[in-house]
Amino acid sequence: MNWDDETPDSAVGADPRLVDAGADTEDNAVEAALRPKDLDEFIGQEKVREQLDLVLKAARARGATADHVLLSGAPGLGKTTLSMIIAAEMAAPIRITSGPAIQHAGDLAAILSSLQEGEVLFLDEIHRMSRPAEEMLYMAMEDFRVDVIVGKGPGATAIPLELPPFTLVGATTRAGLLPPPLRDRFGFTAHMEFYAPAELERVIHRSARLLDVAIDPAGAAEIAGRSRGTPRIANRLLRRVRDYAQVKADGHITEDIASAALGVYEVDARGLDRLDRAVLEALLKLFSGGPVGLSTLSVAVGEERETVEEVAEPFLVREGLLARTPRGRVATPAAWAHLGLAPPKGAPGQAGLFPA
Ligand SMILES: Nc1ncnc2c1ncn2[C@@H]1O[C@H](COP(=O)(O)OP(=O)(O)O)[C@@H](O)[C@H]1O
Ligand SMILES: [Mg+2]
C-alpha cells in the first residue's frame with residue numbers, strides 16, 4: 001500500500017538490494033549453490049509448499065503443463081528458488097527474464113515464440129513490465145497466442161502466432177501493483193511469508209553443511225535472530241560470520257563468535273542494519289517521529305525512495321517500529337525505545353495515532 005501521492009514507482013531497479021544481483025561475485029555464486037533443488041529441500045512456507053505440491057502433482061498426473069503461478073513476497077524469501085523448483089519438479093526447462101528487461105512488446109514476443117512446449121518462463125519483477133508487453137502477455141497466458149505486428153502505420157498488420165503451452169511463473173515484491181487483469185490470469189498465487197527463527201536456523205544449518213562450516217546450534221540461533229525473517233539475509237550473515245570465525249578464531253562458529261562478528265558488521269540484536277537505523281534515526285531526530293512523506297524521508301537518508309520502501313520499511317513495520325499512515329511515516333513508541341531516545345511530549349508515535 002502506497003500512501004504517498006508523490007512520484008510514481010520508477011521503472012528502473014538500480015538498487016542491488018532490490019533485485020537478484022547479476023554481478024559475478026563469489027557471494028552470488030555461493031547463493032546459487034545454496035538454492036534448494038526441490039520442494040522437499042525447501043524449508044518453511046508450509047502452506048505454499050503444500051499447495052504448490054498439489055498443483056504440480058495434479059498437472060503431472062494429467063500429463064499437462066502446470067497452470068501459471070504468481071509468487072509474491074519480499075526480496076530474499078525464495079521466489080527465484082521456487083521458480084527453479086517448479087521447473088525441476090515438472091522436469092521442464094526454464095527461461096529466466098525480468099520485467100525491466102522487457103521494454104518493448106517485441107522483446108516479449110521474441111521470448112514467447114521461442115518457448116518449447118511445457119517450458120517454464122520465469123518473469124521476475126513482473127510489476128515492472130511495460131504496458132504494451134503486459135497486454136501481449138494477457139493473450140499469451142490465456143490463449144497461448146500472440147499477435148506479431150508486421151510493418152508500421154496504416155499498413156501494419158497483426159499476424160497471429162500460436163504458442164506451445166507453457167507455464168508462466170511471475171514474481172513480484174508488490175502483488176498490489178499488478179493490474180487485476182494480469183493477477184486474474186494466474187491459476188495459482190503464492191504469498192511468501194517471512195520465516196520464523198526456527199526455520200532460519202534450519203536454513204543456516206543446511207547452508208553451513210553445504211559450505212563445510214562448523215557451527216553450534218547457539219551460533220545458528222544467534223544468526224537466525226538477526227536475519228529479519230529472510231533466508232537470503234541468513235545466508236549472507238552466515239558467510240560474513242564465517243569470514244570472522246576464520247580470521248579471528250579457528251573457523252568454528254559459536255554464539256560468541258556470531259555475536260561479535262555481527263557487531264562488526266553493524267547488524268544489531270534485532271536485525272536492524274545501517275539502513276534501517278538511518279531511516280529510524282532520520283524519522284526520530286529530523287522529523288520528531290513524523291508523520292513525514294516517504295520521498296522526504298528517503299532524501300534525508302540519501303537513499304532511493306524504492307530502497308527505503310522495499311528494503312527497510314517492510315521490516316521496520318513488521319517489527320512495530322514504524323507505521324505507514326495516510327499522512328506519512330510515523331515512528332512508534334518502540335522506535336524511540338530501540339534507539340534509546342525519549343519521545344518528545346505530544347509527539348506523533350504516541351498512543352491513539354495509529355489506525356488499528
Ligand atoms: N525455503 C528456503 N529454504 C532454504 N533456502 C532458501 C529458501 N528460500 C530462499 N532460500 C535461499 O535464500 C536465497 C535467496 O532466495 P531467492 O529465491 O533468490 O529469493 P527471492 O527471489 O525471493 O529474492 C537463495 O540463496 C536460497 O538458497
Ligand atoms: Mg529473485
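So, counting K/R as plus one and D/E as minus one, what does the shell of residues with Cβ under 13 Å around Arg209 add up to?
Every neighbour counted, the sum reads 0.
How much FRET efficiency would the formula 1/(1 + (r/R0)^6) give for Val150 and His191, where r is the Cβ-Cβ distance and R0 is 41 Å, rounded to 0.05?
E between Val150 and His191, to the nearest 0.05, is 0.50.
Taking K and R as +1 and D and E as -1, what net charge do the other residues with C-beta under 12 Å from the C-beta of Ala234 add up to?
Spelling it out: positives minus negatives among the neighbours equals +4.
Could you tell me the calculated FRET efficiency between Glu281 and Asp212, based on Cβ-Cβ distance and R0 = 45 angstrom, to the nearest 0.05?
0.70
Can you bin the range 235-356 into rounded, prolate or oblate? Criterion: square roots of the alpha carbon gyration tensor eigenvalues sorted a ≥ b ≥ c, rounded for a/c under 1.5, prolate for a/b above b/c, oblate for the rest.
Since a/c reaches 1.5 and a/b is larger than b/c, the shape of the range 235-356 is classed as prolate.
Restricting to the chain, what percent of DSSP beta bridges are antiparallel, rounded to 5?
40 percent
Probe of 1.4 angstrom, ligands and nucleic acids ignored: what's the accessible area per residue over the chain, in square angstrom?
47 Å²
Starting from the Cα of Ser114, step 7 Å toward the Cβ, then list every residue of the range 145-168 with an amide N under 13 Å from that point.
none
Most mobile of Asp184, Asp250, Asp216 per a Gaussian network model of the chain (Cα springs, under 10 Å)?
With Cα springs under 10 Å in the chain, the top fluctuation among Asp184, Asp250, Asp216 is at Asp250.
Grab the Cα-Cα distance for Ala158 and Asn28, subtract it from 0.36 nm times how many residues apart they are, and report the gain in nm with one decimal.
Stretched fully, the Ala158-Asn28 segment lengthens by 42.6 nm.
Select from Pro36, Ala334, Gly176 the residue farthest towards the positive end of the dipole of the chain; place +1 on Cβ of Lys and Arg, -1 on Cβ of Asp and Glu, and compute about the Cα centre.
Checked the options; the winner is Ala334.
Using alpha carbon centroids, what distance separates the range 92-140 and the range 173-198, in Å?
The range 92-140 and the range 173-198 have Cα centres spaced 18 Å from each other.
Taking the 0 to 90 degree range and rounding to the nearest ten, how far is the long axis of helix 255-264 tilted relative to the main principal axis of the chain, both from C-alpha atoms?
80 degrees
Taking the range 138-200, which trypsin sites (Lys or Arg not before Pro) meet the DSSP loop condition and have no more than 13 other C-beta atoms within 10 Å?
Passing both the DSSP loop test and the Cβ count: Lys152.
Quick one: net charge around Gly289, please, counting Lys, Arg +1 and Asp, Glu -1 for every other residue with C-beta under 13 Å from its C-beta.
Local charge sum for Gly289: +3.
In units of 2.2 N^0.38 Å, what is the alpha-carbon radius of gyration of the chain?
1.10
If you roll a 1.4 Å probe over the chain with all protein chains in place, what percent of the accessible area is carbon or sulfur?
54 percent
The values are calculated or read from the model by the stated rules, or taken from the named source; none is laboratory data. Just so it is clear, the structure is predicted and the values come from calculations on it, not from any experiment. Heads up, the Cβs are rebuilt from the backbone with ideal geometry, glycines too, and the neighbour counts pull from every protein chain shown. These area figures cover heavy atoms from the full protein model, side chains too; ligands, DNA and RNA do not enter into them. Shrake-Rupley method; radii C 1.70, N 1.55, O 1.52, S 1.80 Å.
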